[in-house]
Each structure stands twice: as structure tokens, then as C-alpha cells.
Amino acid sequence: MYNMKEYLKKIPHAIKRLFVLVKEVSRETKMPAYLVGGFPRDLILGAMDWDLDITVEGDGVKFAEVLAGKLGAALIKHERFRTATVILDHRVKVDIATTRKEIYPFSASLPLVSPGSLREDLFRRDFTINAMAFGLSESMDWELIDIFGGKDDLAAGKIRVLHDLSFKDDPTRILRAVRFKQRYNFKIEPKTLCLLKEAVNSGLLEKVNPHRTRDELILMLKERNPSAQLKQLSALGALSFISDKLRPGKLTYDLFKSVHKEIIWFMQNFPFHRQFEAWLIYFAALLRPLALPEIKKVARRLGLSKKEEQKIVSCRKINQRLIRRLKNRHITPAEIFGLLKPLSYETVILLRSVSHDNAFRKHIADFLKIYNGVRLCISGDDLFRLGVLPGPRYQKILNKVLAARLNGKVKSRQEELALIGRILMHKNGEEKCPDMSALKKR
Ligand code: CTP
């Protein structure tokens, strides 16, 4: 459990300075300021978290303007929500809001927001562990405000709602409850679990704007153990907001295990490769048993981007034919390259997760380690100099040379040029063989 003095010693200088300035702004503007949300929770648990949420009694946007001015930091205002974000650097951002109360006109709607006291601001929140505040003003000097017993629930490892309507008001809290439960290895307190199950059984998750459930789902899939998150949701019967056809079983959970291993393998072996979305691989694995039209329906309803949809569809299209070809011990590097190059990293990682066959896994590893990095010494410029007119033929010729290079048939610029000569000769007839002497000298 936390020790404020010890903690303050450990935090980076930029954050310390931020807290000093918040205190200063609070004094000058006479607006009490509080750290709220996940930061107090994680701080008490001993974790460092630089996503700071500050709420002020008064006017959050004005407070943020003065603070950003003192810090010389960038400020993004969201006037409609009366909030603002101060960007300290790429790692630290501070959301500043005005204390408010929320009323939900009907279940799963967006709330009607109006100014409120700190108590009301804490009461509108999801769980007791997320409804604590640290007073940042001079008079409060990091005093913990814990009206609803959040600290005790943290100590006991309990997820507890603040009132009976919590899940009805905002059903995305069903997903949040599971996420925090798994993340901290907590228990959902019995009455909260009852309310949660009632909300699931009434289909409330299906009533929420799908973009909101998508965002929460992605956060779940970005947690340390996405498989456990989905298992728990499935056990609660809470996956139908994705598709009522989803019934993940042993096959899916085994695939998750392999995906987990392959993601670690990929990150350890290729730390400098282009970024990939690990959450998307788990999601694609979850959706794999569904038919393609259903997968597209899910992707569209959740408002995934076209790119994300394409990646998930391509994961679904991994078939036995592709797997068989990659298992073939006699497959050439150029064939492996041809099969894997069009696929996203997400699809390649999922593909490597579907079979334990040694040759298959080595072929994919070779693609990533060797073939994918192979570059030709010649380029389109060389073809131009040889009198080939630009057009689709360029790519065809370059592909042939690349295939030869991958298969070890050509190993140098000279050999690549010689091969082009042979390709063109074959195409044009002997007498039109181009003069390559100028190129060879380069
Ligand atoms: N909150 C809520 N109901 C929601 C979403 C958020 O009451 N549906 C409140 C909680 O008090 C939460 C705070 O808003 O702590 C900030 O939300 P968010 O940044 O989404 O969550 P964190 O608690 O910071 O969780 P994480 O550590 O995953 O960022």
C-alpha cells in the first residue's frame, strides 16, 4: 500500500513540477483541484501511471489554460464537454475537467451532464476503486478523499459499483468490471456480480453504441491476458454484443495460447519491425470460427477501420491449402515469399500460431528473418536504361529477378543484370539483345 512521501520521491521531475504548478494555479484561481480516476487507484496499488485525470471545482478549461501557460505546454480544449487536455510530452498527458454530475435519461444512453460537487463527481463513477481523489491544493496536500470505501475495496481486492443502476446507466461497465477483475486478479463483489449478470441477461450491452463497446473491448484485448478476459466474458454470456454466434471453446483458447507465444517470439526476434496490433490478432482468433459474411458484419457494426477489417478477413482466409503449401519441405524461398508477402504482420503471426509443424514454422521465420529483407541491386532505372518502356512489365521483370535472388540463383548486381539480359532476350529474340556494358560498370 502507498506511502505518499516515498512515492513523491520516485516520480519524474516533470510530473513533480506539474503538481507544484497545479497547486499554484489552484491557489491563484481559487479552484480546488483533485487527482481522480485510475491514478489514485494505481498509486495506492504502487503502480506508476502517467495518464493523469484532474478535476477542479470551478472551471476546468480556464484552469487548464492557466496551467498550460505556466508549463509552456500544448493545450487541446473540448469546449462541448468543458474539459481540456494538457500535453506535457509524448508520455504524459493531463485531462482536466470540471466536477460534474451525470443523469442517464435512459439505459445505455449518453449522460446529461451538469456542474456538480466533488462528491457528485465521484458518485457518477463506475467502481469504488475508481472513485477516490487526492486533493492537490495547498490546504489538502495530497489528502485522500475516499467517500465510498475505495481504499478498503482495493485492499480486499473487490470490484464494487457505487449504486444499483450503475450497469443500467452505462453497460460498458460490464466490460470494465471484467477488465479490472482480470488485471488486478480481484473479485467482483457478490451484489455487483448479481447486478452485472442481470444487465448481461437483459441484453444491455447490445443497446450501447457499438463504437463504445468496441473501444472497451479493444482495451480488454490490450490487457496482459486477453484470453482470460474473453473466457470470463464468455462464462458470463456477455459476448453476444460482438455476435450471438460466438461460442469460443477449447480450439479458440488453445489458439489464444499459441498467439500469445508467437507475439512474444515476434517481439523478441523482430523488435525493429513495423508495429503491429496484438489486440487485432486475438480478435481475429476469436472470430475465426464464424463465417466470413458474419465477420464482416461484426467489423462493420463495431466500426472497425477498413484496414482492420481487411486484416481480420485475411486472418479468416487462412486455409488448409496455404498451411499445406507452407508445410511442404521442398517449397522454394521465392514461393514462401510470394505466399507471405501480401499478408499483414498480424495475419503472419496468426498463421504461425495455427500449426506446430517444424518446417511450416521455420518457413515463416525465414520469411521474416531473411526473405522479407532481400533487396535487389538493380531497379527500374536500369530497365529504363536498357530501353524497356515503363509499364506493368517492369514489375514482372523485377519480380522474376527477385525470385531468382531469393532462390540463390543470382547473387550480385552483375548476375541480376545478366538475368535481365536473358529475360529480355527471351522476350525480344536474340537479335534484340540490349547492350548492358554501360550498366555493368556502375
Ligand atoms: N469512468 C466511469 N465509467 C466509465 C468510464 C470511466 O466511471 N464507463 C471513470 C472512472 O472513474 C475511471 C475514470 O473515469 O477511473 C477514467 O476512465 P479511464 O481513463 O477509461 O479508466 P482508468 O480508470 O484510468 O483505467 P485504465 O487504467 O485502464 O486507464
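If you look at the Cα atoms of the chain, you get an Rg and a Dmax of 28.8, 94 Å. Consider a paramagnetic label point 7 Å from the Cα of Lys307 along Cα→Cβ; state which residues of the stretch 256-296 have an amide N under 15 Å from it. The answer is 274-281. Just the protein heavy atoms count here, and of the accessible area of the stretch 276-366 at 1.4 Å, carbon and sulfur take up 51 percent. The C-alpha atoms of the chain define a longest principal axis, and helix 392-406 lies at about 90 degrees to it.
Once C-alpha pairs closer than 8 Å and six or more residues apart are averaged by separation and normalised to the residue number of the chain, the relative contact order reads 8 percent. The candidates Ser344, Ser379, arranged from most to least accessible area with a 1.4 Å probe in the full protein assembly, appear as Ser379, Ser344.
A 1.4 Å probe over all protein chains sorts His211, His426, His13 by accessible area into His426, His13, His211, starting with the largest. Working value for the stretch 158-241: equivalent-ellipsoid semi-axes of 17, 16, 11 Å, each the square root of 5 times a Cα gyration tensor eigenvalue, largest first. Listed cross-link partners Lys327/Lys409; Lys93/Lys151; Lys30/Lys77; Lys30/Lys181 are compared with a 29 Å cut-off, the Cα-Cα value being larger for Lys30/Lys181.
Look at the dipole of the chain built from charges on Cβ: of Leu386, Pro111, Pro210, the Cα furthest out on the positive end belongs to Leu386.
Label positions at Asn407 and Cys377, each projected 7 Å from the Cα along the C-beta direction, are separated by 2.0 nm. With N counted as the residues of the stretch 300-395, its alpha-carbon radius of gyration over 2.2 N^0.38 Å works out to 1.36. Between the stretch 151-220 and the stretch 320-371, the C-alpha centres lie 40 angstrom from each other. With R₀ set to 60 Å, the beta-carbon distance separating Glu120 from Ala418 gives a calculated FRET efficiency near 0.15. Beta bridges assigned by DSSP with both partners in the chain are antiparallel in approximately 75 percent of cases. Of all lysines in the structure, the ones whose alpha carbon falls short of 18 Å from that of Lys297, not counting any fewer than 8 places away in one chain, are Lys207, Lys245, Lys306, Lys307, Lys311, Lys317. Sorting 96-104, 326-334 by their mean Cβ neighbour count within 10 Å, with the most densely packed peptide first, gives 96-104, 326-334. Scaled against the 2.2 N^0.38 Å expected of a compact globular protein of N residues, the Cα radius of gyration of the stretch 2-156 reads 1.01. Database remark: amide H of Thr83 closer than 5 angstrom to the amide H of His78 (H placed geometrically; neighbours at sequence offset of 5 or more, or on other chains; Pro and chain starts carry no H). Per-residue 3J(HN,Hα) values for the stretch 126-131, derived from phi via the Karplus relation 6.51 cos²θ - 1.76 cosθ + 1.60 with θ = phi - 60°, read 6, 10, 4, 5, 9, 10 Hz in sequence order (x marks Gly and Pro). Solvent-accessible area per residue in the stretch 2-156 equals 47 Å², computed with a 1.4 angstrom probe and all protein chains kept.
The values are calculated or read from the model by the stated rules, or taken from the named source; none is laboratory data. The shown structure was predicted, so the numbers you read here are calculated from the model rather than taken from an experiment. Virtual Cβ from ideal backbone geometry, glycine too; neighbours counted across all protein chains shown. These accessible areas exclude ligands, DNA and RNA; they are computed on the full protein's heavy atoms, side chains included. Shrake-Rupley method; radii C 1.70, N 1.55, O 1.52, S 1.80 Å.
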